[in-house]
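The values are calculated or read from the model by the stated rules, or taken from the named source; none is laboratory data. Since this is a predicted model, take the numbers as computed values, not measurements. Cβ atoms come from the backbone with ideal geometry, glycine included; neighbour counts cover every protein chain shown.
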């Protein structure tokens, strides 16, 4: 379960236009320059208080992660000026800490090994399906699309255990279908994440793919391009920004996930979130480890998030402003 | 497939990423290639199509190391499909194209979500080992144990508090900073928590909540504030029933940024004429906000509330990492996992089904909305 989901609920056209207009203005306001001051002095104070309240928790952990071990355990981070001292030791220790099967450094690599395929695979498959839903005419299209949409709200808790049994035994309803995959590396997590990501990815990408003007598609068809070429030569380049924003969400989703990892990534393929959660349980008071560990895990999503912010905001509004 | 996967898993993780992504993209390219040549007429193309129809499903199952009967069945189905495709309304190859685009997703959804959902529903009526039918026993057990009722009440508390508070905070913040200098930086500060995992956020907040004995120096910021104000250190995560509230704070902290981004866009979308008209009428800031802005962004508010409600219903990571459900803080999703860990498959499934029933109205409502929209077009 990730922290954020794009807005994907169907709302009426009027509000869609309104949101789209606002999103454009937000883009301008955020990345352009605005001149107006805050509405009133009280509003300024309130905004500052909220901003401060929201920043303090992360800030405290960040400062603490660089403080010497004995200082963290005995004094608060706000006394940094009285108990001056900085160190990188916590990070060095945290990277080597872990359980009997893997260290945090390995878990960090695992997180990449899980996240990158689990982002590329579902988005490619979803893009294929999104194209079919948007540009191919077939009977039952609406019903199928609504079914896919409804699936995204179904809690993944409903699917976890039977899927685990399928991987372990290869049976569906007791009928043997495939040989058990067993716990061969990351395969289970990749497949599980792909399956769980599809409904949302199809819905969001469909909104973008169907936005392409039909004249463009028609022109390509007249020129003799088949669906394969249209997909590869037109849809793919034209929806690249959209794909990027959906990919960012999927990346953050998988990187930050704990539930799927707990069930499908055991032993030495566990991602960093799982190891961190475990350490919080076992060594909950070893703050020198936890603060540094938390920031090792946070570093990647924060970099992705800050550098690709524009796509992120656009993606967040995707479901409601497009389609 | 397990041989291939076993071989892959012996590689260096970075190489593994390359191999898997490469192989996968190759398969997609192959699908697109067949789609492109599918509608062409001529004997060669027909033969290629026939070969693809039979070979694709059979090879797939062979690759998955399926049983012989299944591989043969898949091949026969492929053959059937080939003839269906030849007589398709859109001409030979049209069904082939459609299936090539849709089948990967459809198969994965079927195997990964639809069938497991049905299995979980069945499982919830079975005993812990899934061997005998026990009727509603699992549900009766859930609703008769006081600690389980507590779990359900906790979940309801989550859903009642988290969406409302984060929406109000997000709305207020979005309105306060609207069109100000430095709006961008204000926004980043509040929506930064969105990038943080629930696990990371839980560690951050556990650190905020840490309590030390009254005579020692505090290392948790909130307890330091209490001590500064002359109070006694308070164990935030241990004292019922307030500990649930302090867990909810973490979700609010994360979701406010989400609410803020959406509502900020909605506020900017409110027509300027309406705002100017309100100003001409001499309304003050508060009246303008309540009478013009809020009605103007009502749909966005509903979207934000629903989305956060769904997130709070399914909340798992925060509870798992912060307390693991101790001191009566458990919620349905956490209890579902706990029961699974203690090999109570039936009870675990029953919890999942309750969660499913709780989101059901939202699913149905939204599906109906979507249907209406698509019919209009």
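If you go through region A:119-148 and pick out every residue that is more than 10 Å from chain B (Cβ to nearest Cβ) and either at pLDDT 90 or above or assigned to a helix (DSSP H, G or I) (or both), you end up with 2. Scanning region B:293-321 for residues that are over 16 Å from the mean Cα position of the chain (by Cα), within 15 Å of residue B:158 (Cα to Cα) and either facing chain A (nearest Cβ under 10 Å) or modelled with pLDDT under 85 (or both) gives a single hit, B:320. The helices (runs of 4 or more DSSP H) found entirely in region B:66-135 that carry 1 or more residues being modelled with pLDDT under 80 are B:68-86, B:94-109. Filtered by the rule that a residue be over 20 Å from residue A:122 (Cα atoms), at the interface with chain A (Cβ under 7 Å from one of its Cβ atoms) and touching a residue at least 60 places away in the same chain (Cβ under 8 Å), region B:1-37 gives a lone residue, B:2.
Restricting attention to region B:223-247, the residues that are more than 31 Å from the chain's Cα centre (by Cα) and either part of a helix (DSSP H, G or I) or in contact (Cβ under 8 Å) with a residue 60 or more places away in the chain (or both) add up to 6. Looking at region B:353-366, which of the residues that are surrounded by 16 or more Cβ atoms within 10 Å (Cβ to Cβ) and either within 7 Å of chain A (Cβ to nearest Cβ) or free of Cβ contacts under 8 Å to residues at least 40 places away in the same chain (or both) is nearest to residue B:314 (Cα to Cα)? Residue satisfying both the conditions and the ranking: B:355.
Would you mind stating whether residue B:139 is touching a residue at least 60 places away in the same chain (Cβ under 8 Å), in contact with a strand residue (DSSP E or B) (Cβ under 9 Å, 6 or more places away or on another chain) and surrounded by 16 or more Cβ atoms within 10 Å (Cβ to Cβ)? So residue B:139 does not fit the description; no. Looking across region A:54-63, just one residue is more than 7 Å from chain B (Cβ to nearest Cβ) and in contact with a helix residue (DSSP H, G or I) (Cβ under 6 Å, 6 or more places away or on another chain), and that is A:63. Across region A:42-53, not a single residue is classified as surrounded by 15 or more Cβ atoms within 10 Å (Cβ to Cβ), under 19 Å from residue B:203 (Cα atoms) and facing chain B (nearest Cβ under 7 Å). Cβ-Cβ distances below 7 Å connect no pair with a first residue in region B:151-165 that is not assigned by TED's automatic domain parsing to the domain that holds residue B:338, a second residue that is buried (at least 18 other Cβ atoms within 10 Å of the Cβ) and not in a helix (DSSP H, G or I), and a separation of six or more residues or different chains. The residues listed here are B:99, B:82; of these, the one that is assigned by TED's automatic domain parsing to the domain that holds residue B:6 and over 16 Å from residue A:227 (Cβ atoms) is B:82.
When the criteria are applied in full, residue B:338 meets the requirement of being more than 10 Å from chain A (Cβ to nearest Cβ), surrounded by fewer than 22 Cβ atoms within 10 Å (Cβ to Cβ), in a helix (DSSP H, G or I) and out of contact with any strand residue (DSSP E or B) (no Cβ under 7 Å at 6 or more places or on another chain).
When restricted to residues that are touching a residue at least 40 places away in the same chain (Cβ under 8 Å), more than 8 Å from chain B (Cβ to nearest Cβ) and assigned to a helix (DSSP H, G or I), region A:296-310 contains 3. Looking across region B:38-48, the residues that are more than 9 Å from chain A (Cβ to nearest Cβ) and surrounded by 15 or more Cβ atoms within 10 Å (Cβ to Cβ) come down to B:45, B:46, B:48. For region B:197-213, taking the residues that are part of a helix (DSSP H, G or I) and touching a residue at least 60 places away in the same chain (Cβ under 8 Å), the one that is nearest to the chain's Cα centre (by Cα) is identified as B:198.
Exactly one residue out of A:105, A:168 is out of contact with any helix residue (DSSP H, G or I) (no Cβ under 7 Å at 6 or more places or on another chain) and closer than 27 Å to residue B:13 by Cβ: that is A:168.
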